[in-house]
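Pasting a structure below so you can have a look.
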Amino acid sequence: MTTSMELQDVHKSIGNKQIIKGLNFTIKRGEVFGFLGPNGAGKTTTIRMMVGLMKITSGDIKINGVSIKNNFKEAIQYVGAIVENPEMYPFMSGWKNLKHYARMIPDITDERIKEVIRLVGLEKAIHEKVGKYSLGMRQRMGIAQALLHQPSILILDEPTNGLDPAGIREIRTYIRNLAEQEQVSVIVSSHLLSEIELMCDRIGIIKNGELITVEEVQDTNTENDHVTVKLDVDDNEKVKSILQAQLELETKIVQDRVVANLAKSTVPQLVRKLVEEDIAIYEVAVERSRLEDKFFELIGENTIA
Amino acid sequence: MLNFISLLKNEQMKLYSRFATWSMYIILAGILLVGALIVFIFGEENEQTYGDDWKGQLAQENEELLEMNEDVGFVGFDSEIAVNEYHIENDVKPHPYDAWQFTLENAGLSMIISLFTIIVAAGIISNEYRWGTIKLLLIRPISRTKILLSKFVSVLLFSVTMLVFLFIISLVIGAIFFGINGWNPNLVQMGANEVEEVSIFAEIFTQYGLNMVNLVMMATFAFMISTLFRSSAMAIGLAIFLMFTGNTIIGFVAEYDWAKYILFANTNLNQYIGSGSPIIDGMTLGFSITVLVVYFVLFLLVSWLTFTKRDIAGN
């Protein structure tokens, strides 16, 4: 996989205060990268540096190999972004707003603008003033302006802020499609894990201006990981004693289910044993070890809202 | 170059998509209309038509003016008398008040245009911050310098458009109320040393042009404040305050030598033209132009430095 963006020891100081203390990570082509951290951790500052709105104090950010610091005009051509809220000119129609941004990039035809409008589903309202749009429509306008020039990297700062569940779902679908079908790298920032867990391939966690860890979302459930299994069976007490005696597992009964904690690799063995013992099994539910628990461990309570 | 024109188109589109901009044109046209009505109903110029015996009428006028001069006790109407004498001596019949003279008098209304231009200049940067659109504006493959320049040129474009509008509307309203004497009648007026006859078109052009100097300087000042403080209210307030108090300030400090380096001592280039005299002795047209250029460059430099170097942080 090729690299879309690379952060090289990025620092940012404002006055004497260090806000970003050396970020190093790469974003691969066609992946959705979640940028997670509590409010004030430095997410927005980092994103503003990625798009050249803020100067990098030291270090560099390379976009498709081009430095945003030294070659802004070329590097920014690969990037489409929404920084914080998708603010538009409220007194102009959606069409004029898009036309406005289209004029600032070479070779954007009216056909391309129409294509983008279709993509985000704003055909009906495009000639109305943006001031009359709902938040969801403005969010879609934001995505439309970011996609105009077919960027290879899309940066979305809190894209689901203020959206209703349907809107969040919609955005999630767009983002997955872009990454999978168009091979666009997407960087999504959020302070809500539950929101980005579902759309990201990898999640980087930032706290106090430092990258704490980068986690693969799919990777959290390997063979050796311990999982929690909930069993719905006909005889709870019998199952409990079988598990304790024969598999040496700690079990307890919660809400009429037998709950045990074991390595994922021993689950088949457990099921076989229960069948041999002639237990009627209605359900074996394996709970994924939640990312959230991991994150709370990493950055402590009260930090992820 | 092509994308600079695109940027200008963008700025003009944003400007004219707002009712506030159109209301400026409406207000200006309204003021002209009211002015024309007042002159039409109460004005003496309008009734002062000269018949076949216009030389006699002028001579009589001069006698009256001389009497008034004596009554008042100081030279108050000398230039009027000289102008009248010129008419008689050179056998040039004075034109009645018409659209051209109305237009010439309205050159003073460029003060209003200055006001509107200051409002536009003060908003063109700070509004982008206020709307939050600055973030989307500056993440395009265009340098900040170019964006700033396009905004400044847009302000100038707006003021020129408005000036042309003032000129045309004055002429049209003037023609409706007072008629028009040919396409380029001559105007007899007091020059530097003697009475001279000039083309009224040239005179209108000169007056509008000279007023542009003050306009451009104040607009550039407002533009700088707006870039510096990202607040249009502050930029409008400061620029208008200085525009109206500038001459008073000069009046207070005129005795000092450094006063001639103050911007407002130099914005009125009329002081070097025709019967005008410099505010402070020893000032020349060349000196004033140099001072103006220095201020102009300074204002733009401050705008440029702040705009290109500044981090676009949270609201």
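The values are calculated or read from the model by the stated rules, or taken from the named source; none is laboratory data. Keep in mind that this is a model prediction, so the values were computed, not measured. Virtual Cβ from ideal backbone geometry, glycine too; neighbours counted across all protein chains shown.
Residue-wise test of (1) polar (S, T, N, Q); (2) surrounded by fewer than 21 Cβ atoms within 10 Å (Cβ to Cβ); (3) farther than 26 Å from B:K309 by Cβ.
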position	(1), (2), (3)
A:N70	yes, yes, no
A:A75	no, no, no
A:A81	no, no, no
A:E84	no, yes, no
A:F91	no, yes, yes
A:H100	no, no, no
A:I105	no, yes, no
A:M141	no, no, yes
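Quick check on the stretch B:226-239. Is at least one of its residues surrounded by fewer than 20 Cβ atoms within 10 Å (Cβ to Cβ) and farther than 22 Å from B:T117 by Cβ?
No, the stretch B:226-239 has no match at all.
Taking the stretch A:115-134 on its own, how many of its residues are in contact with a Gly (Cβ under 8 Å, 6 or more places away or on another chain) and assigned to a helix (DSSP H, G or I)?
2
From (1) assigned to a helix (DSSP H, G or I); (2) within 13 Å of another protein chain (Cβ to nearest Cβ), pick out the condition that doesn't hold for A:D107.
Unmet for A:D107, out of (1) assigned to a helix (DSSP H, G or I); (2) within 13 Å of another protein chain (Cβ to nearest Cβ): (1).
So, in the stretch B:121-147, of the ones that are out of contact with any helix residue (DSSP H, G or I) (no Cβ under 7 Å at 6 or more places or on another chain) and more than 7 Å from chain A (Cβ to nearest Cβ), which residue ends up surrounded by the most Cβ atoms within 10 Å (Cβ to Cβ)?
B:Y129
Which one of these is farther than 30 Å from B:T21 by Cα, facing another protein chain (nearest Cβ under 10 Å) and in contact with a helix residue (DSSP H, G or I) (Cβ under 9 Å, 6 or more places away or on another chain): A:I14, A:I82?
A:I14
Is it true that A:S185 is assigned by TED's automatic domain parsing to the domain that holds A:E31 and crowded, with 22+ Cβ neighbours inside 10 Å?
Spelling it out, A:S185 is indeed assigned by TED's automatic domain parsing to the domain that holds A:E31 and crowded, with 22+ Cβ neighbours inside 10 Å.
I'd like to check something: does the stretch A:74-89 contain any residue that is small (G, A, S) and more than 18 Å from A:I196 (Cβ to Cβ)?
yes
So, one more: What's the number of the condition A:S241 fails, among (1) of a type in the set (G, A, S); (2) in contact (Cβ under 8 Å) with a residue 24 or more places away in the chain; (3) part of a helix (DSSP H, G or I)?
A:S241 satisfies every listed condition except (2).
Return yes when B:S170 is within 14 Å of B:F116 (Cα to Cα), assigned to a helix (DSSP H, G or I), of a type in the set (S, T, Y) and in the same structural domain as B:A107 (by TED's automatic domain parsing) and no when it is not. Talk me through it step by step, then tell me what you get.
On the way: within 14 Å of B:F116 (Cα to Cα): no; assigned to a helix (DSSP H, G or I): yes; of a type in the set (S, T, Y): yes; in the same structural domain as B:A107 (by TED's automatic domain parsing): yes.
Criteria not met by B:S170.
Hey, can you tell me all the residues within the stretch A:244-262 that are surrounded by 13 or more Cβ atoms within 10 Å (Cβ to Cβ) and not in a helix (DSSP H, G or I)?
Passing the criteria: A:L247, A:L249, A:T251, A:I253, A:R257, A:V258, A:V259, A:A260, A:N261, A:L262.
If the requirement is being in the same structural domain as A:P151 (by TED's automatic domain parsing), modelled with pLDDT under 90 and among the charged types (D, E, K, R), which of these qualifies: A:K62, A:K43?
Details: A:K62 fails: modelled with pLDDT under 90.
Result: A:K43 is the single residue among A:K62, A:K43 that is in the same structural domain as A:P151 (by TED's automatic domain parsing), modelled with pLDDT under 90 and among the charged types (D, E, K, R).
While we're on this one: What number of residues in the stretch B:254-264 are in a helix (DSSP H, G or I), surrounded by 14 or more Cβ atoms within 10 Å (Cβ to Cβ) and of a type outside the set (F, W, Y)?
Number of matching residues: 3.
Yes or no, residue by residue, for (1) more than 30 Å from A:E74 (Cα to Cα); (2) within 14 Å of another protein chain (Cβ to nearest Cβ):
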{"residue": "A:Q150", "(1), (2)": "no, yes"}
{"residue": "A:L163", "(1), (2)": "yes, no"}
{"residue": "A:G167", "(1), (2)": "yes, no"}
{"residue": "A:E195", "(1), (2)": "yes, no"}
{"residue": "A:D201", "(1), (2)": "no, no"}
{"residue": "A:I206", "(1), (2)": "no, no"}
{"residue": "A:V227", "(1), (2)": "yes, no"}
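Return the only residue of A:V227, A:V214 being aliphatic (A, V, I, L, M), in a strand (DSSP E or B) and at pLDDT below 80.
Working: A:V214 fails: at pLDDT below 80.
Of the residues listed, the single one that is aliphatic (A, V, I, L, M), in a strand (DSSP E or B) and at pLDDT below 80 is A:V227.
Separate question: Please count how many residues of the stretch A:118-172 are farther than 21 Å from A:Q183 by Cβ and either more than 24 Å from the chain's Cα centre (by Cα) or hydroxyl-bearing (S, T, Y) (or both).
14
Within 14 Å of chain A (Cβ to nearest Cβ), under 28 Å from A:A146 (Cβ atoms), within 19 Å of the chain's Cα centre (by Cα) and of a type in the set (S, T, Y): does that describe B:S154?
Criteria met by B:S154.
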